[in-house]
Amino acid sequence: MLDVIWRSVAIGIGATALMDVWAIFLHKAFAQPRPNWGPVGRWVWHLRSKIFHDDIGDAVPYRHEAALGWAFHYFVGIVYGIILVVLAGTAWLTQPTFLPAFILGIV
């Protein structure tokens, strides 16, 4: 069971890292702006007191909001990796197919 959890976590981290590499490529090749995880980190920081904000930019800044945003970005990726294995089944780990990962990635 622990092996399944670790593999699910690795899938989530790997998929998130692949998405980040794709973002770097888009930035270098097509001048697309890089993702800014700072506002996400600020939102996570303020979850203790408020969930919804009219404009997260108006919330009090947090010194490490970019790092917290990146950490949360990877946390969500890990959760997606676990959800993938739960929905596709543990047998998917031995014979993975593209479609379940693609469908979950679109969602």
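Name every residue in the stretch 95-107 that is assigned to a helix (DSSP H, G or I) and either over 24 Å from Pro39 (Cα atoms) or in contact with a Gly (Cβ under 8 Å, 6 or more places away or on another chain) (or both), in order of residue number.
Taking the stretch 95-107 first, the residues assigned to a helix (DSSP H, G or I) are 98-106.
Of everything in the stretch 95-107, those that are assigned to a helix (DSSP H, G or I) and either over 24 Å from Pro39 (Cα atoms) or in contact with a Gly (Cβ under 8 Å, 6 or more places away or on another chain) (or both) turn out to be Phe98, Leu99, Pro100, Ala101, Phe102, Ile103, Leu104.
Search the stretch 19-48 for residues that are without any contact (Cβ under 8 Å) to a residue 24 or more places away in the chain and pair each with any residue that is outside any helix (DSSP H, G or I) and not charged (D, E, K, R) when their beta-carbon atoms are under 6 Å apart and the residues are at least 6 apart or on different chains.
Pairs found: Ala23/Pro35; Leu26/Gln32; Trp45/Tyr62; His46/Ala59.
For the stretch 51-61, state whether one or more residues are over 20 Å from Ile5 (Cβ atoms), surrounded by 10 or more Cβ atoms within 10 Å (Cβ to Cβ) and free of Cβ contacts under 8 Å to residues at least 12 places away in the same chain.
First pass over the stretch 51-61, keeping only residues over 20 Å from Ile5 (Cβ atoms): 51-61.
Remaining after also requiring surrounded by 10 or more Cβ atoms within 10 Å (Cβ to Cβ): 53, 56-57, 59, 61.
After this cut, where a residue has to be free of Cβ contacts under 8 Å to residues at least 12 places away in the same chain as well, the list is 53.
For the stretch 51-61, residues over 20 Å from Ile5 (Cβ atoms), surrounded by 10 or more Cβ atoms within 10 Å (Cβ to Cβ) and free of Cβ contacts under 8 Å to residues at least 12 places away in the same chain: present.
Filter the stretch 75-107 down to residues that are buried (at least 16 other Cβ atoms within 10 Å of the Cβ) and hydroxyl-bearing (Ser, Thr, Tyr), then give me how many there are.
So the count comes out to 1.
Can you find a residue that is among the hydrophobic types (A, V, I, L, M, F, W, C) and more than 26 Å from Met19 (Cα to Cα) anywhere in the stretch 56-72?
Yes, the stretch 56-72 contains a residue that is among the hydrophobic types (A, V, I, L, M, F, W, C) and more than 26 Å from Met19 (Cα to Cα).
Only the coordinates and a few stated rules stand behind these numbers; no lab work does. What you see is a predicted model; the values in this text were computed from it and never measured. FYI the Cβ positions are ideal-geometry reconstructions off the backbone, even for glycines, and counts take in every protein chain you see.
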